[in-house]
Amino acid sequence: MKSNEVAHHIDVYSIFPDYVHSALQNSLIGKAWQSGLIEIGSHDLRGFAKDLHRTVDDTPYGGGAGMVMMPTIWGEAIDQSVEFSKAKIHDLIIPTPAGELFTQKKAEELSRAEHIIIACGRYEGIDARVSEYYQSQPNFRVHEISIGDYVINGGEAAALVMIEAIVRLIPGVIGNPDSLLEESHTLLDDEEALLEYPSYTKPAIWRGLGVPEILLSGHHGKIAQWRLERSKERTRKVRGLTRE
Ligand code: JBQ
C-alpha cells in the first residue's frame with residue numbers, strides 16, 4: 001500500500017444518511033476522519049430506488065406487520081460500494097436485533113478490516129437473501145450483529161456504536177496508546193474482563209463526601225491492589241459471580 005492511501009474504509013448505507021454523517025463528524029471519529037487515517041462515506045439508500053417515491057421496502061411474504069427492505073435495492077448499493085473499493089475482502093455488517101451480540105472481541109476483529117460496509121435497515125429488517133447472497137461470495141465476510149436486547153427503530157444508532165468501538169482501536173487514531181491498554185475490556189477475553197474501579201478527583205471533600213484514604217496515601221502498590229478489589233467487587237455485584 002502506498003503511504004498516501006487510507007488503510008481503512010467504512011461505507012454506511014441508510015435512509016438517514018445526514019443523521020449518520022453529522023453524528024460521525026461530531027466525535028472522535030471525525031478527527032480520525034480528518035487526519036486521513038480512515039475514510040467514511042455515508043450514503044443515501046434511496047438513491048438506488050427506481051420509482052418517483054424512492055421506495056426501498058415492500059410488504060412481507062407470508063403476511064404480518066411492518067415492511068421489509070428490498071434485496072434488489074440493497075444489492076445495488078452494496079455492489080456499488082465494492083466497485084469503488086480497492087479492497088480484496090469486504091466486511092459487510094448488518095445491524096439487526098437477531099444478530100450475535102457486539103463485543104470488544106468483535107470490535108478488535110473488525111478494526112483490522114480494510115473495507116467495512118454497514119447496511120442500516122429498519123427494525124423489521126432486510127430481505128434475508130441479502131445476507132445469504134453475500135455470505136456465498138468468496139470476497140465477503142458477513143456479520144449480522146446486535147448491540148443489545150432492546151428495541152430501536154433502525155440500524156443507524158447501532159452502526160454508530162459499532163463504528164466508535166471499531167475506529168478507536170485502529171492504530172494511530174487515539175493519541176495515547178496507554179489509554180487503550182488500561183481499559184478493562186481491551187485485550188482481555190470477554191470472560192475475564194473486569195469492570196472499571198471508581199475514580200475520584202478534586203475537591204477532596206464534595207457535599208460532605210470524601211475520597212477513599214488509600215488514594216491519598218501515595219502507596220502505588222496498595223492503590224493498585226485496592227483498585228483491583230473494587231473492580232472485582234463491582235463485577236460480582238452487577239454481573240454476578242466471577243471466575244477465580
Ligand atoms: C439492535 F442492530 C439493530 C438494528 C435495528 C434494531 C435493533 N434493535 C436492537 N438492537 O442492535 C438493532
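Rounding to the nearest 10 and keeping the result within 0 to 90°, find how far the Cα-based axis of helix 156-167 lies from the longest principal axis of the chain. Computed tilt is about 60 degrees. Using alpha carbon centroids, what distance separates the stretch 121-150 and the stretch 13-80, in Å? Answer, in whole Å: 14. Summing Cβ point charges (Lys, Arg +1; Asp, Glu -1) relative to the Cα centre of the stretch 19-58 gives a dipole of roughly 160 debye.
How far, in degrees from 0 to 90, does helix 220-239 lean away from the longest principal axis of the Cα atoms of the chain, to the nearest 10? Between the helix axis and the principal axis of the chain, the angle is about 50 degrees.
Taking every DSSP bridge with both residues inside the stretch 85-162, close to 10 percent are antiparallel. In degrees from 0 to 90, rounded to the nearest 10, what is the angle of the helix 71-83 Cα long axis to the longest principal axis of the chain? Long axis of 71-83 versus the principal axis of the chain: about 70 degrees. Using θ = phi - 60° in the Karplus curve 6.51 cos²θ - 1.76 cosθ + 1.60, the 3J(HN,Hα) couplings for the stretch 105-113 round to 4, 5, 4, 5, 4, 6, 5, 8, 6 Hz; x is entered for Gly and Pro. Only one residue of N26, A224, P212 has its Cα farthest out toward the positive end of the dipole of the chain, where Lys and Arg carry +1 and Asp and Glu -1 on Cβ, and that residue is P212. Each Lys and Arg Cβ is given +1 and each Asp and Glu Cβ -1; about its Cα centre, the stretch 72-167 then shows a dipole of about 240 debye. GNM remark for the chain: springs join alpha carbons under 10 Å apart, and the peak mean-square fluctuation among S146, S136, S111 falls on S136. Stretching L52 away from E108 to a fully extended chain increases their span by 16.0 nm, per 0.36 nm per residue minus the current alpha-carbon distance.
With +1 on each Lys and Arg Cβ and -1 on each Asp and Glu Cβ, how big is the dipole of the chain about its Cα centre, in debye rounded to the nearest 20? Approximately 900 debye in magnitude.
A cut-off of 5 Å between modelled amide H atoms, ignoring neighbours fewer than 5 places along the same chain, links E144 with I94, E100.
The protection proxy used here, the mean number of other Cβ atoms lying within 10 Å of each residue, ranks peptides 161-167, 114-120, 231-237, 38-44 as follows, highest first: 114-120, 161-167, 38-44, 231-237. Look at the dipole of the chain built from charges on Cβ: of I145, L194, T55, the Cα furthest out on the positive end belongs to L194. Listed by chain and number, the lysines placed with their C-alpha closer than 16 angstrom to that of K88 are K2; residues fewer than eight positions away on the same chain are left out. Annotation for A224 and I205: the two label points, set 7 Å from Cα along the Cα-Cβ direction, are 3.3 nm apart. Ellipticity at 222 nm from helices only: DSSP H runs of n ≥ 4 in the chain, each -39500 (n - 2.57), divided by the residue count, give -10000 deg cm²/dmol.
Which of the lysines could a cross-linker span from K105 if the Cα-Cα distance has to be under 21 Å and same-chain partners fewer than 8 positions apart are dropped? Correct list for K105: K232. In this simple spin-label model, placing a label point 7 Å from the Cα along the Cα-to-Cβ direction at both K31 and K232 gives a separation of 3.5 nm.
All of the numbers you see were taken from the coordinates with simple rules; none came from a lab. Note that the coordinates shown come from a computational prediction; the quantities given were computed from them, not determined experimentally. Glycine also receives a Cβ, built like all others from the backbone with ideal geometry; neighbour counts cover every protein chain displayed.
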